[in-house]
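The block underneath contains the structure these notes are about, expressed in structure tokens.
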Amino acid sequence: MTSTAALPLPATTDVAIVGAGPTGLSLAVTLAEAGIDFVLLDRLAEGANTSRAAVVHARTLEVLDEIDPSRALSAELIDRGTPIGTFRVREGARSLATVRFDDLPTAHPYALMVPQDQTEAVLLARLRALGADVHRPYEVTAITQDPDGVTLTTATGETLRAAHAVGADGMHSAVRAAAGIGFTGSAYEESFVLADIAMDWAPGAREVSLTLGATGLTVVAPLPGGRHRLVASVAEAPAEPDLAFVQGLLDERAPGQATVRSLAWSSRFRIHHRVADRYRAGRLLLAGDAAHVHSPAGGQGMNTGIQDGYALGRAFADKDLDGYEARRRPVALRVVALTDRMTRVATTRNPVLRAVRNTLLPVLSRIPALRRRLATELAELNYR
């Protein structure tokens, strides 16, 4: 996804948004719809061209419908994705628990599997239709605030004066650092492998599978075009996992279930679980990964960020910035707690705990109220 030629920075704006990922884009679209002047900056010369986050949950699709009541925005994204109604927990080929999304009380009763670059492309197209765009590449290197506003300085010396600045600039947020806001939490010991692959996968393309094992968790989710997304925790992953590594991983954790035919791209990363101590310090505000990071279990990171962006945009429109943190920080704490529990249960190496887990999951999954509760939580419908 490429951007147009670099746009010159204006001298002033109402809201400066640092970071043009899904969070920054959703905020920018919401502000544009509300007629609020803003500048959206990003340090990269072009947007995402890999899938990275790969699921859009029901609540996020509802938010897109609130941004665009004609539902054209969500319809475009749905057209690019694959709706999935089932989330299944496995141990090897054995099914331990099944969670279904298709009976949830929403207009979008499914998890939409769609690469992040497509989500960004749809949001960017909407932004451009509203007469705005991303200013790139502009790396913000200094941010100062005073009683009257915020001054942002770029690596090339340009300055932008704004009434407020929003950090949608990820885990290593420059805005959060400038605001002096703590980022409480820690990192997981395991590293994680992320890969998009073409493979023959026995469970098929109608479910998201979370496979448990003694050596870690493995998530396999279908993507459009016949590919699958793989996310797996490993003790120590290579910097660039190759096809042989991915095949070996699946052979170990899901024997006889997978034959990998090609590898589109892969990466290694480490996961933190952290939440910003505050979402606002004076005229500086945080959203998305700048405010919260957590395990990819459940696929909720980008979704929570898009919802942050929309909520903050509405807070600007309604002149209720103080209410933004009160609404959104408890959501982040809840998401981090859920994904942390899921990750620790899935990655435990204690054989006794694994045996208890594998015995209890089938029993608990037969209780309709518990199944529905987990589906609702994963779909983020509790955060309306």
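The values are calculated or read from the model by the stated rules, or taken from the named source; none is laboratory data. Worth saying up front: this structure is predicted, and the values here are computed from it rather than measured. All Cβ positions, even for glycine, are placed from backbone atoms using ideal geometry, and neighbour counts span all protein chains on display.
Inspect all residues belonging to the stretch 203-217 and state whether any of them is at pLDDT below 95, out of contact with any helix residue (DSSP H, G or I) (no Cβ under 6 Å at 6 or more places or on another chain) and closer than 30 Å to Ile17 by Cβ.
no
Show the residue pairs that are 6+ apart or on different chains and have beta-carbon atoms under 6 Å apart, the first residue being within the stretch 356-377 and within 22 Å of Val336 (Cα to Cα), the second being assigned to a helix (DSSP H, G or I) and among the hydroxyl-bearing types (Ser, Thr, Tyr).
none
Kindly state which helices (runs of 4 or more DSSP H) lie completely within the stretch 317-384 and contain at least 1 residues that are surrounded by 19 or more Cβ atoms within 10 Å (Cβ to Cβ) and under 17 Å from the mean Cα position of the chain (by Cα). Quick ask: steps written out before the conclusion?
Working: elements: 321-347, 351-364, 368-378.
Counting at least 1 such residues, we get 321-347, 368-378.
Just checking, how many residues over the stretch 247-267 are of a type outside the set (Gly, Ala, Ser) and crowded, with 17+ Cβ neighbours inside 10 Å?
Count: 7.
Could you tell me whether the stretch 135-146 includes any residue that is at pLDDT 95 or above, crowded, with 21+ Cβ neighbours inside 10 Å and under 21 Å from the mean Cα position of the chain (by Cα)?
No, there is no match, as no residue in the stretch 135-146 is at pLDDT 95 or above, crowded, with 21+ Cβ neighbours inside 10 Å and under 21 Å from the mean Cα position of the chain (by Cα).
Taking Ala177 as meeting all but one of (1) more than 26 Å from Thr348 (Cβ to Cβ); (2) modelled with pLDDT of 95 or more; (3) not assigned by TED's automatic domain parsing to the domain that holds Val18, write down the number of the exception.
That leaves (3) as the condition not met.
What are the residues in the stretch 195-231 that are more than 21 Å from the chain's Cα centre (by Cα), under 18 Å from Thr348 (Cα atoms) and not β-branched (Val, Ile, Thr), if any?
Hits for the stretch 195-231 are Leu212, Gly213, Ala214, Gly216.
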